[in-house]
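This report concerns only the one structure given below.
The values are calculated or read from the model by the stated rules, or taken from the named source; none is laboratory data. Remember, predicted model here, so these are calculated numbers, not experimental data. Note that each Cβ is placed from the backbone with ideal geometry, even for glycine, and that neighbours are counted across all protein chains shown.
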Amino acid sequence: MFIKRQFRGIAVITLFIFTYLTLTLDYSHGQAEDPLAKARELYDQRNLQDAEKVLKAFIKETEGDQAGKKKLAEAYYLLAHTYYDLNEADTRVNENLKLAVEADINIGIDEGDLDFKARLWEERLKIEAAKKEAEMAKINVQEKEKSTPQIKKKKKFPWLLAILGIGVVVSLAVLLTKKKKQPQLGATFENGVLAVKGMRYEMALIPSGRFMMGSDSMEAWDWEKPAHLVIISRNYWLGKTEVTQGLWQAVMGSNPSYFQYGYSYFSDNYPVEKVSWYDCQAFVQKLNQMLDGNAFRLPFEAEWEYACRAGTTEDRYGEIDAIAWWGSRFGTTRQVAQKQQNPWGLFDMLGNVREWCQDWYGQYPSEYQMDPTGPFSGDSRVARGGSYSQESSWIRSPWRGGVNPIMVDIDLGFRLARSYVN
């Protein structure tokens with residue numbers, strides 16, 4: 001009896017151990033067989049070709065399964081990142097990003113390459129915009145159907161036609177006698193050239209694009225950090241030079257500048273200075289009234305730096321003495337367009353006079369931005385570019401300063417921007 005009981009005990013313990021091991025192995029096997037987890041593991045090990053194969057197989061099995069949409073989105077996203085790291089064509093990367101966002105609009109953005117994160121963000125914006133457009137179109141159709149009255153046939157009376165005829169005659173008379181509002185004479189803008197009372201101001205069309213704004217270089221000031229990706233989504237016009245005394249005189253009828261040189265022929269080509277940010281707004285408002293529009297403005301800070309860099313990645317777009325008037329504390333402003341232009345045809349982006357921007361001055365964000373317009377409020381406005389009196393550390397594309405908007409100074413002017421209208 002005692003031996004039988006021992007064998008029974010051993011059998012029970014053996015069965016318990018076998019069952020536990022079986023369940024543990026099954027669970028581990030199930031975990032190891034998760035293809036998405038396997039793909040992530042292969043991707044982390046930089047085994048990109050095998051990760052691609054696993055992901056393609058998983059997508060083929062999961063497509064059409066509504067319950068697995070979240071995992072499907074993750075698979076598309078990881079496949080896009082795999083193609084990106086494999087330096088595949090942009091079309092393959094963007095196609096999988098689009099499928100990822102369509103499967104799950106809230107797919108997360110991981111930490112990684114800024115350019116890749118920006119691509120995902122753009123795809124998300126496109127799909128969200130398309131959804132909103134479709135929803136608005138549907139609402140408009142429904143509202144139109146609700147507001148459309150039931151048409152009932154009514155007996156037509158001759159006097160109704162007579163009233164309609166009188167209405168047409170009166171409307172034509174009003175249209176013929178109404179004078180069209182004409183802009184003030186003496187100002188035109190055509191093919192990038194602004195002309196006001198004989199003064200010409202040329203502007204360059206700046207293409208949309210992306211760039212790293214700010215600087216993390218050894219020479220960078222704290223307020224230039226951190227360098228961050230900025231997307232400029234629309235073309236815009238920017239003055240090839242700073243606004244001159246001649247153009248200011250033509251628009252405003254006066255010249256506030258400190259550096260004036262008797263004969264208007266000489267002063268006309270010098271940059272206007274001693275103008276506050278509010279003075280610049282008054283100038284822009286009056287110029288827009290002369291042209292019967294509102295397209296002219298100050299550039300936003302991101303637009304200014306993007307145009308200043310003109311596709312270059314260093315802190316200056318050329319050798320400092322070749323491109324800028326700088327470092328002369330007892331000197332003066334100089335006539336515009338006397339130094340070397342940048343790759344996009346802009347003169348004096350660095351040096352000569354500092355230039356007002358539209359934005360309030362504030363700390364940079366760390367994440368990337370699209371068409372940033374600065375903080376909502378503040379105590380000072382942005383000034384860019386450095387001036388003839390400042391040292392080389394100020395004469396750099398990322399340099400920025402904050403200036404009280406009521407302040408005027410003999411080295412502070414501005415450059416015109418204009419929204420691009422097709």
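At a glance:
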quantity: Any hit, region 381-392, residues being buried (at least 16 other Cβ atoms within 10 Å of the Cβ), in contact with a Pro (Cβ under 8 Å, 6 or more places away or on another chain) and under 21 Å from residue 243 (Cβ atoms); calculated: yes
quantity: Residue match in region 294-301 (condition: of a type in the set (Phe, Trp, Tyr) and surrounded by fewer than 20 Cβ atoms within 10 Å (Cβ to Cβ)); calculated: no
quantity: Cross-chain or 6+ apart pairs with Cβ under 7 Å, region 339-359 first and of a type in the set (Val, Ile, Thr), then in a loop (DSSP other than H, G, I, E, B); calculated: 353/242; 353/273; 353/333; 353/387; 353/411
quantity: Any hit, region 230-250, residues being more than 26 Å from residue 341 (Cβ to Cβ) and either surrounded by fewer than 22 Cβ atoms within 10 Å (Cβ to Cβ) or in contact with a Pro (Cβ under 9 Å, 6 or more places away or on another chain) (or both); calculated: no
quantity: Some residue of region 394-413 being touching a residue at least 40 places away in the same chain (Cβ under 8 Å), polar (S, T, N, Q) and under 23 Å from residue 287 (Cα atoms); calculated: no
quantity: Sole exception among (1) in contact with a Phe, Trp or Tyr (Cβ under 6 Å, 6 or more places away or on another chain); (2) of a type outside the set (A, V, I, L, M, F, W, C); (3) part of a loop (DSSP other than H, G, I, E, B); (4) surrounded by 22 or more Cβ atoms within 10 Å (Cβ to Cβ) for residue 306, by number; calculated: (3)
quantity: Listing of strands (runs of 3 or more DSSP E) fully contained in region 345-422 that carry 2 or more residues being more than 20 Å from residue 202 (Cα to Cα); calculated: 354-360, 381-384, 400-403
quantity: Selected residue (only one of 266, 259 is part of a helix (DSSP H, G or I) and modelled with pLDDT under 95); calculated: 266
quantity: One residue from 208, 233, 215, 267 being out of contact with any Cys (no Cβ under 6 Å at 6 or more places or on another chain), within 21 Å of residue 352 (Cα to Cα) and in the same structural domain as residue 373 (by TED's automatic domain parsing); calculated: 267
quantity: Index of the failed condition, residue 328 passing every other in (1) at pLDDT 95 or above; (2) closer than 26 Å to residue 274 by Cα; calculated: (1)
quantity: Scan of region 273-295 for residues that are over 22 Å from residue 351 (Cβ atoms), polar (S, T, N, Q) and in a loop (DSSP other than H, G, I, E, B), ordered by number; calculated: 294
quantity: In region 199-219, the residues that are free of Cβ contacts under 8 Å to residues at least 60 places away in the same chain and either crowded, with 18+ Cβ neighbours inside 10 Å or part of a loop (DSSP other than H, G, I, E, B) (or both); calculated: 207, 208, 216, 218
quantity: Pick from region 311-362, criterion over 25 Å from residue 225 (Cα atoms) and basic (Lys, Arg), ranking: surrounded by the fewest Cβ atoms within 10 Å (Cβ to Cβ); calculated: 329
